[in-house]
Amino acid sequence: MPMEDSLLQLSAGKIRGRKDTLPNGESYYFYKGIPYAQQPLGNLRFKPPVPLDKFEEDVLDCGYERNSCHSLICVPPVVAVGEDCLHANVYSPLKPADVDQGRRLPVMVWIHGGAFNAGSGDSSWYCPRFLVQEGVVVVTFNYRIGPLGFLCLPSKGIHGNMGLKDQRLLLKWVHDNIAQFGGDSRNVTLFGESAGGASVHLHYLTESSRQYFHRAICQSGTAFNVWIEQQERDTKTRMLAQLLGCIGTSDEEIYGGRILASIYLFTNKQLFYRNIDERLGT
(Lines give C-alpha, C1' and ligand atoms only; values in the text may rest on other atoms or scores of the structure.)
Protein backbone atom coordinates (compact mmCIF):
# COMPACT_ATOMS: atom_id res chain seq x y z
CA MET A 1 0.00 0.00 0.00
CA PRO A 2 1.41 3.44 -0.85
CA MET A 3 2.16 5.31 2.35
CA GLU A 4 0.16 8.36 1.27
CA ASP A 5 -3.03 6.26 1.22
CA SER A 6 -3.13 6.33 5.04
CA LEU A 7 -2.36 10.03 5.53
CA LEU A 8 -4.92 11.88 7.68
CA GLN A 9 -5.25 15.49 8.82
CA LEU A 10 -6.17 15.87 12.51
CA SER A 11 -6.60 18.98 14.61
CA ALA A 12 -2.96 18.85 15.77
CA GLY A 13 -1.42 17.92 12.43
CA LYS A 14 -0.98 15.09 9.94
CA ILE A 15 -0.58 11.41 10.81
CA ARG A 16 0.33 8.37 8.75
CA GLY A 17 -1.09 4.93 9.54
CA ARG A 18 -0.83 1.40 8.18
CA LYS A 19 -3.01 -1.11 6.38
CA ASP A 20 -3.53 -4.63 7.73
CA THR A 21 -5.86 -7.61 7.36
CA LEU A 22 -8.84 -8.58 9.54
CA PRO A 23 -9.65 -12.20 10.54
CA ASN A 24 -12.30 -12.30 7.78
CA GLY A 25 -9.74 -11.35 5.15
CA GLU A 26 -10.91 -7.77 4.69
CA SER A 27 -8.55 -4.81 5.03
CA TYR A 28 -8.49 -2.23 7.80
CA TYR A 29 -6.35 0.75 8.78
CA PHE A 30 -4.68 1.40 12.11
CA TYR A 31 -3.17 4.55 13.57
CA LYS A 32 -1.23 3.89 16.76
CA GLY A 33 0.52 6.09 19.29
CA ILE A 34 -1.38 9.31 18.58
CA PRO A 35 -0.75 11.90 21.35
CA TYR A 36 -4.10 13.17 22.62
CA ALA A 37 -2.59 15.58 25.18
CA GLN A 38 0.69 17.20 26.12
CA GLN A 39 2.79 14.57 27.82
CA PRO A 40 2.65 14.87 31.65
CA LEU A 41 6.36 15.42 32.21
CA GLY A 42 8.26 17.78 34.51
CA ASN A 43 5.94 20.38 36.01
CA LEU A 44 2.96 18.61 34.43
CA ARG A 45 3.49 15.53 36.60
CA PHE A 46 0.41 15.10 38.85
CA LYS A 47 -1.40 17.88 36.98
CA PRO A 48 -4.60 17.61 34.90
CA PRO A 49 -3.89 16.85 31.25
CA VAL A 50 -3.27 19.76 28.91
CA PRO A 51 -4.62 19.70 25.32
CA LEU A 52 -2.04 19.33 22.55
CA ASP A 53 -2.13 22.07 19.92
CA LYS A 54 0.40 20.71 17.43
CA PHE A 55 2.44 17.58 16.82
CA GLU A 56 6.22 17.97 16.88
CA GLU A 57 6.56 16.29 13.48
CA ASP A 58 5.15 17.58 10.19
CA VAL A 59 3.77 14.07 9.59
CA LEU A 60 3.54 11.82 12.64
CA ASP A 61 4.29 8.15 11.98
CA CYS A 62 1.47 6.21 13.66
CA GLY A 63 2.48 2.76 12.53
CA TYR A 64 3.54 1.62 15.99
CA GLU A 65 2.45 1.93 19.62
CA ARG A 66 4.12 4.35 22.01
CA ASN A 67 4.68 4.18 25.76
CA SER A 68 2.15 2.84 28.21
CA CYS A 69 2.12 4.20 31.75
CA HIS A 70 4.57 2.76 34.26
CA SER A 71 3.00 0.19 36.56
CA LEU A 72 4.07 -2.33 39.17
CA ILE A 73 2.34 -5.16 37.33
CA CYS A 74 2.64 -5.62 33.59
CA VAL A 75 1.14 -8.84 32.24
CA PRO A 76 1.34 -9.39 29.32
CA PRO A 77 4.42 -7.26 28.77
CA VAL A 78 4.01 -4.12 26.71
CA VAL A 79 6.63 -2.89 24.30
CA ALA A 80 7.58 0.26 26.20
CA VAL A 81 6.58 2.26 29.27
CA GLY A 82 7.15 5.84 30.38
CA GLU A 83 5.55 8.93 31.82
CA ASP A 84 4.89 10.16 28.28
CA CYS A 85 2.00 7.74 27.98
CA LEU A 86 -1.02 9.76 26.82
CA HIS A 87 -1.52 8.11 23.45
CA ALA A 88 -4.52 6.79 21.52
CA ASN A 89 -4.82 3.99 18.97
CA VAL A 90 -7.53 4.10 16.30
CA TYR A 91 -8.63 1.17 14.14
CA SER A 92 -10.96 1.73 11.18
CA PRO A 93 -12.37 -0.54 8.47
CA LEU A 94 -12.70 2.45 6.14
CA LYS A 95 -10.01 3.44 3.71
CA PRO A 96 -9.28 7.18 3.51
CA ALA A 97 -11.08 7.48 0.16
CA ASP A 98 -14.32 6.23 1.77
CA VAL A 99 -13.89 8.71 4.61
CA ASP A 100 -13.46 11.54 2.11
CA GLN A 101 -16.80 10.58 0.58
CA GLY A 102 -18.52 11.15 3.91
CA ARG A 103 -19.02 7.60 5.21
CA ARG A 104 -19.34 7.45 9.00
CA LEU A 105 -19.41 4.39 11.25
CA PRO A 106 -20.30 3.81 14.93
CA VAL A 107 -17.44 4.40 17.36
CA MET A 108 -16.45 2.29 20.38
CA VAL A 109 -13.97 3.72 22.90
CA TRP A 110 -12.35 1.15 25.21
CA ILE A 111 -11.08 1.94 28.74
CA HIS A 112 -8.72 -0.75 30.00
CA GLY A 113 -8.87 -2.19 33.50
CA GLY A 114 -6.14 -3.03 35.99
CA ALA A 115 -7.36 -1.74 39.37
CA PHE A 116 -6.15 1.76 38.38
CA ASN A 117 -2.62 0.42 38.95
CA ALA A 118 -1.83 -1.60 35.85
CA GLY A 119 -2.92 -2.19 32.29
CA SER A 120 -2.60 -0.71 28.84
CA GLY A 121 -4.69 0.05 25.79
CA ASP A 122 -2.11 -1.52 23.50
CA SER A 123 -2.94 -4.37 21.15
CA SER A 124 -0.80 -6.80 23.17
CA TRP A 125 -3.57 -6.56 25.78
CA TYR A 126 -6.68 -5.97 23.69
CA CYS A 127 -6.84 -6.77 19.99
CA PRO A 128 -9.72 -4.84 18.37
CA ARG A 129 -9.83 -6.60 15.02
CA PHE A 130 -12.96 -8.68 15.67
CA LEU A 131 -14.90 -5.53 16.51
CA VAL A 132 -13.50 -3.64 13.55
CA GLN A 133 -14.68 -6.30 11.12
CA GLU A 134 -18.24 -5.68 12.36
CA GLY A 135 -18.11 -2.19 10.88
CA VAL A 136 -16.99 -0.24 13.95
CA VAL A 137 -14.24 2.33 14.46
CA VAL A 138 -12.43 1.30 17.67
CA VAL A 139 -10.36 3.57 19.92
CA THR A 140 -8.08 2.31 22.68
CA PHE A 141 -5.75 4.47 24.75
CA ASN A 142 -3.42 4.77 27.71
CA TYR A 143 -4.01 6.93 30.77
CA ARG A 144 -2.06 7.58 33.95
CA ILE A 145 -2.37 4.89 36.61
CA GLY A 146 -1.02 4.29 40.12
CA PRO A 147 0.33 7.35 41.96
CA LEU A 148 1.04 9.13 38.67
CA GLY A 149 -2.68 9.03 37.98
CA PHE A 150 -4.25 9.25 41.42
CA LEU A 151 -1.88 10.73 44.02
CA CYS A 152 -3.52 13.43 46.16
CA LEU A 153 -1.94 16.40 47.96
CA PRO A 154 -4.67 19.09 47.80
CA SER A 155 -2.75 21.77 49.70
CA LYS A 156 -0.20 21.80 46.86
CA GLY A 157 -2.67 21.72 44.00
CA ILE A 158 -2.56 17.96 43.44
CA HIS A 159 -6.23 17.07 43.58
CA GLY A 160 -6.06 13.52 42.29
CA ASN A 161 -8.04 11.79 39.57
CA MET A 162 -5.48 12.73 36.92
CA GLY A 163 -6.11 9.37 35.26
CA LEU A 164 -9.85 10.01 35.02
CA LYS A 165 -9.19 13.48 33.63
CA ASP A 166 -6.91 11.91 31.03
CA GLN A 167 -9.83 9.72 30.02
CA ARG A 168 -12.16 12.70 29.74
CA LEU A 169 -9.71 14.63 27.54
CA LEU A 170 -9.43 11.54 25.35
CA LEU A 171 -13.21 11.57 24.93
CA LYS A 172 -13.06 15.19 23.82
CA TRP A 173 -10.24 14.32 21.43
CA VAL A 174 -12.39 11.56 19.94
CA HIS A 175 -15.30 13.98 19.57
CA ASP A 176 -13.09 16.48 17.74
CA ASN A 177 -11.14 14.08 15.50
CA ILE A 178 -12.92 10.77 14.97
CA ALA A 179 -14.67 11.88 11.76
CA GLN A 180 -11.25 11.91 10.06
CA PHE A 181 -11.06 8.14 10.66
CA GLY A 182 -14.59 7.54 9.40
CA GLY A 183 -16.21 7.54 12.83
CA ASP A 184 -19.49 9.20 13.78
CA SER A 185 -18.99 11.59 16.72
CA ARG A 186 -22.75 11.42 17.31
CA ASN A 187 -22.67 7.65 17.82
CA VAL A 188 -20.00 6.87 20.43
CA THR A 189 -20.17 3.94 22.85
CA LEU A 190 -17.86 4.05 25.87
CA PHE A 191 -17.02 0.63 27.31
CA GLY A 192 -14.50 -0.89 29.69
CA GLU A 193 -13.83 -3.71 32.12
CA SER A 194 -13.01 -3.76 35.85
CA ALA A 195 -11.46 -0.35 36.64
CA GLY A 196 -12.33 0.57 33.07
CA GLY A 197 -15.97 -0.37 33.66
CA ALA A 198 -16.02 1.73 36.83
CA SER A 199 -14.48 4.59 34.86
CA VAL A 200 -17.25 4.34 32.27
CA HIS A 201 -19.86 4.61 35.04
CA LEU A 202 -18.08 7.59 36.62
CA HIS A 203 -18.02 9.41 33.29
CA TYR A 204 -21.70 8.63 32.78
CA LEU A 205 -22.41 10.29 36.13
CA THR A 206 -20.32 13.35 35.21
CA GLU A 207 -21.95 15.92 32.94
CA SER A 208 -18.67 17.29 31.57
CA SER A 209 -17.80 13.77 30.33
CA ARG A 210 -21.25 12.54 29.36
CA GLN A 211 -21.56 15.07 26.53
CA TYR A 212 -18.95 13.14 24.55
CA PHE A 213 -20.61 9.69 24.36
CA HIS A 214 -24.07 8.26 23.82
CA ARG A 215 -24.02 4.68 25.14
CA ALA A 216 -22.14 2.97 27.94
CA ILE A 217 -21.13 -0.61 28.74
CA CYS A 218 -19.66 -1.40 32.18
CA GLN A 219 -18.04 -4.84 32.40
CA SER A 220 -17.04 -6.22 35.82
CA GLY A 221 -16.90 -2.79 37.45
CA THR A 222 -19.15 0.14 38.36
CA ALA A 223 -18.94 3.31 40.44
CA PHE A 224 -20.75 1.44 43.23
CA ASN A 225 -17.95 -1.08 43.82
CA VAL A 226 -16.42 -0.80 47.29
CA TRP A 227 -12.89 -0.75 45.86
CA ILE A 228 -13.47 2.44 43.87
CA GLU A 229 -13.03 5.09 46.55
CA GLN A 230 -9.91 5.31 48.71
CA GLN A 231 -10.65 6.56 52.21
CA GLU A 232 -7.02 6.95 53.36
CA ARG A 233 -5.55 9.08 50.62
CA ASP A 234 -3.50 11.34 52.92
CA THR A 235 -2.04 8.33 54.74
CA LYS A 236 -1.18 6.64 51.46
CA THR A 237 0.50 9.78 50.11
CA ARG A 238 2.68 10.12 53.20
CA MET A 239 3.50 6.42 53.20
CA LEU A 240 4.61 6.63 49.58
CA ALA A 241 6.71 9.72 50.35
CA GLN A 242 8.49 7.87 53.15
CA LEU A 243 9.20 4.92 50.89
CA LEU A 244 10.68 7.36 48.39
CA GLY A 245 13.07 8.64 51.06
CA CYS A 246 11.26 11.79 52.17
CA ILE A 247 12.29 12.46 55.77
CA GLY A 248 9.76 15.20 56.54
CA THR A 249 6.02 14.74 56.91
CA SER A 250 4.71 18.20 56.02
CA ASP A 251 3.00 18.83 52.71
CA GLU A 252 5.79 21.25 51.77
CA GLU A 253 8.49 18.62 52.28
CA ILE A 254 6.53 15.95 50.43
CA TYR A 255 5.79 18.31 47.54
CA GLY A 256 9.38 19.52 47.35
CA GLY A 257 10.70 16.06 46.57
CA ARG A 258 8.03 14.85 44.19
CA ILE A 259 9.73 15.94 40.94
CA LEU A 260 13.10 14.54 42.02
CA ALA A 261 11.73 11.04 42.53
CA SER A 262 12.64 8.64 39.76
CA ILE A 263 9.70 7.19 37.87
CA TYR A 264 11.21 3.74 38.38
CA LEU A 265 11.34 4.34 42.13
CA PHE A 266 7.73 5.49 42.04
CA THR A 267 6.73 2.32 40.25
CA ASN A 268 8.61 0.02 42.60
CA LYS A 269 7.26 1.70 45.73
CA GLN A 270 3.70 2.41 44.70
CA LEU A 271 2.19 -0.56 46.58
CA PHE A 272 -1.51 -0.78 45.85
CA TYR A 273 -2.17 2.92 45.37
CA ARG A 274 -5.62 4.02 44.34
CA ASN A 275 -7.08 7.39 45.27
CA ILE A 276 -10.38 7.98 43.53
CA ASP A 277 -11.78 11.24 44.85
CA GLU A 278 -15.46 11.66 45.63
CA ARG A 279 -16.09 13.28 42.24
CA LEU A 280 -14.34 13.70 38.93
CA GLY A 281 -14.37 17.48 39.20
CA THR A 282 -13.64 20.00 36.50
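The values are calculated or read from the model by the stated rules, or taken from the named source; none is laboratory data. Since this is a predicted model, take the numbers as computed values, not measurements. FYI the Cβ positions are ideal-geometry reconstructions off the backbone, even for glycines, and counts take in every protein chain you see.
Points to keep in mind about this one:
- Residue match in the stretch 243-265 (condition: among the aliphatic types (A, V, I, L, M), at pLDDT 85 or above and more than 23 Å from Pro51 (Cα to Cα)): no
- Exclusive hit being in contact (Cβ under 8 Å) with a residue 60 or more places away in the chain, under 30 Å from Ser27 (Cα atoms) and more than 14 Å from the chain's Cα centre (by Cα), set Leu105, Leu131: Leu105
- Which numbered condition Asp20 misses (of (1) touching a Pro at 6+ places or on another chain (Cβ under 7 Å); (2) not in a loop (DSSP other than H, G, I, E, B)): (1)
- Phe130 satisfies every condition listed in (1) of a type outside the set (Gly, Ala, Ser); (2) buried (at least 20 other Cβ atoms within 10 Å of the Cβ); (3) more than 25 Å from Gly256 (Cα to Cα) except (2).
- Filtering the stretch 198-221 to residues that are more than 18 Å from the chain's Cα centre (by Cα) and under 20 Å from Gly149 (Cβ atoms) leaves Leu205, Ser220.
- When Val226 is tested against (1) surrounded by fewer than 17 Cβ atoms within 10 Å (Cβ to Cβ); (2) part of a loop (DSSP other than H, G, I, E, B); (3) modelled with pLDDT of 95 or more, only condition (3) is not met.
- All conditions in (1) part of a loop (DSSP other than H, G, I, E, B); (2) closer than 28 Å to Gly149 by Cβ; (3) at pLDDT 90 or above hold for Val90, with the sole exception of (1).
- The residues listed here are Gly63, Gly121, Gly82; of these, the one that is surrounded by fewer than 19 Cβ atoms within 10 Å (Cβ to Cβ), within 16 Å of the chain's Cα centre (by Cα) and either touching a residue at least 12 places away in the same chain (Cβ under 8 Å) or not assigned by the TED database to the domain that holds Ser185 (or both) is Gly82.
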